[in-house]
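Each remark here refers to the structure printed beneath this line.
The values are calculated or read from the model by the stated rules, or taken from the named source; none is laboratory data. No experiment lies behind these values; they were computed from the predicted model shown. All Cβ positions, glycine included, derive from the backbone under ideal geometry; neighbour counts span all protein chains shown.
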Amino acid sequence: MPVKIRLQRHGKKGKPFYWIVAADARSKRDGRYLEKLGTYNPNVNPAAIDLDVDGTVKWLQNGAQPTDTAKAILSYKGAMLKNHLVGGIRKGAITEEQAEEKFEAWVEEKEAKITAKKESLAKTEADSKAKILETEAKINEERVAAVVEAENAAIKAAADAKAAAEAPEKVEEEAPETIDDAQAAAAEDGKISSVKEETESEEEKTDSEEEKSE
């Protein structure tokens, strides 16, 4: 019976979650399987993979063929390397201790790379959040400054309007007499002068008559 190591889809729509299974090559993709070997979650970064490496190697040694996607996952977790090392042991090219040592060294190096990637992603995310917070703080400061400026402008406008409203009243209080008042005053002065002149003329006339009578 031909066996395939492939992914079987689970999870919600838009958020797939996969089982890594060994299944009859003739069965449907999401149908019955022979053994569940692990899980693959692509919804996180880096992707989360849980794999039974030894169980997978047994299936590979028995002739199971992984699909392209499954093969990439098996290589990422070291299953393909361990299968190669087991083949070397069977041929007598290396000892079991040497194979285990090589595999452990590979695992340590791989974990170091994964850790470095996680730290890099965390730093990038932290820098991005810090930049967003800085931008938001700057925007808030600009908004506050704009509000303060608008309030100051409104206060100044109200003060200017009040000053403009009070100015005509003050001018009206201190303004000189109008043209009509000036003309009336001149006419009154003219009448007074005329009466005075007439009085003086009458007095002179009276004095002249008295002189003649003497």
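Say we look at the stretch 48-83 and pick out the residues that are loosely packed, with under 13 Cβ neighbours inside 10 Å and hydrophobic (A, V, I, L, M, F, W, C); which of these is farthest from the chain's Cα centre (by Cα)? Among residues in the stretch 48-83 that are loosely packed, with under 13 Cβ neighbours inside 10 Å and hydrophobic (A, V, I, L, M, F, W, C), the one farthest from the chain's Cα centre (by Cα) is A72. Here is the figure for the stretch 1-20: residues that are closer than 29 Å to L121 by Cβ, modelled with pLDDT of 90 or more and either touching a Gly at 6+ places or on another chain (Cβ under 9 Å) or not aliphatic (A, V, I, L, M) (or both) total 10. Restricting A159, A126 to those that are farther than 30 Å from K77 by Cα and at pLDDT 85 or above reduces the list to A159. Failed condition for K118, given (1) exposed (fewer than 14 other Cβ atoms within 10 Å of the Cβ); (2) in contact (Cβ under 8 Å) with a residue 60 or more places away in the chain; (3) within 26 Å of K4 (Cα to Cα), with all others met? With (1) exposed (fewer than 14 other Cβ atoms within 10 Å of the Cβ); (2) in contact (Cβ under 8 Å) with a residue 60 or more places away in the chain; (3) within 26 Å of K4 (Cα to Cα) applied to K118, the lone miss is (3). State yes or no: is A99 surrounded by 15 or more Cβ atoms within 10 Å (Cβ to Cβ) and touching a residue at least 24 places away in the same chain (Cβ under 8 Å)? No: the conditions fail for A99. All of K102, K110, K118, K129 fail the test of being farther than 30 Å from L51 by Cβ and in a helix (DSSP H, G or I), apart from K129.
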